[in-house]
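Let me begin by presenting the structure, written as structure tokens, before commenting on it.
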Amino acid sequence: MTDRDVERLTSTHTEMIEGRVVVADPLLEQLRRARYSSVGYGGARGAAGGSVLNTKAFDLYEEIDGTTRAWLDHYRRDHRGDLADAIVRLAGILRAEVAGDRLDPDDPRTGMFGVMVYRIENLLDPPHEKELTFPCPDCGERYHEETTVEKRGGREVEVMTRQAALRIPVRPGRALVAECHCCGKLWATRDELIELAESAGERVDYAELVVALAAGNGKG
């Protein structure tokens, strides 16, 4: 868990974009606004008032909200009020738990805010993805299929796309995170990424993996 993840989720902060320092709104606020806009994927026109509902943004916001408040309730703390305030409270609790040796620093709870940042960024600003063509070591799936509806020739048709289940979003200045799009498993740390690569039967040097992905050789 890093203070930077919590800051980016809940506060106005600075970002380095194309070599320039810019001021950015909290990621939670950006996601909240995206629920009723065309930002990202999954937009569908609603019935009331002609507003546009971005279903993926809506679902992600609700998931983050529910997870945060559920953990606050687990620790018997107030889970009401603004979501950003709730995340700050939860982060403080987890820091205290780690400091008091009641929570392992590597427990998934300590990484939840980094995962939130990762998922929001990928929704609002989809990165270029590198596909890994070996099966997911967790669920065994090699490919992920998705069906969408598109308008062609004045009529709606179903279009099925097939991609590798395992993909690594690549964005300059961001850490590498691999994700299985079938089971949702994430590999976020250096050791986890090496373990994932080794599951394909090859020993992989992490530095070489970073260079290969940056150069566009992420398949295989």
Check your understanding: Restricting the search to the range 140-171, which residues are of a type in the set (Gly, Ala, Ser) and over 18 Å from Pro127 (Cα atoms)?
Key -> Gly140, Gly153, Gly154
Exercise for review: Determine whether the range 65-80 contains at least one residue that is open to solvent by 30 Å² or more (accessible area, probe 1.4 Å), part of a helix (DSSP H, G or I), among the hydroxyl-bearing types (Ser, Thr, Tyr) and at pLDDT below 95.
Suggested key: no
Review point. How many residues does the range 1-38 hold that are among the polar types (S, T, N, Q) and modelled with pLDDT of 90 or more?
Key: 4
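The values are calculated or read from the model by the stated rules, or taken from the named source; none is laboratory data. This structure is a prediction, so every number in the text was calculated from the model and none was measured. Accessible surface is based on the protein model in full, side chains and every heavy atom, while ligands, DNA and RNA are left aside. Shrake-Rupley method; radii C 1.70, N 1.55, O 1.52, S 1.80 Å.
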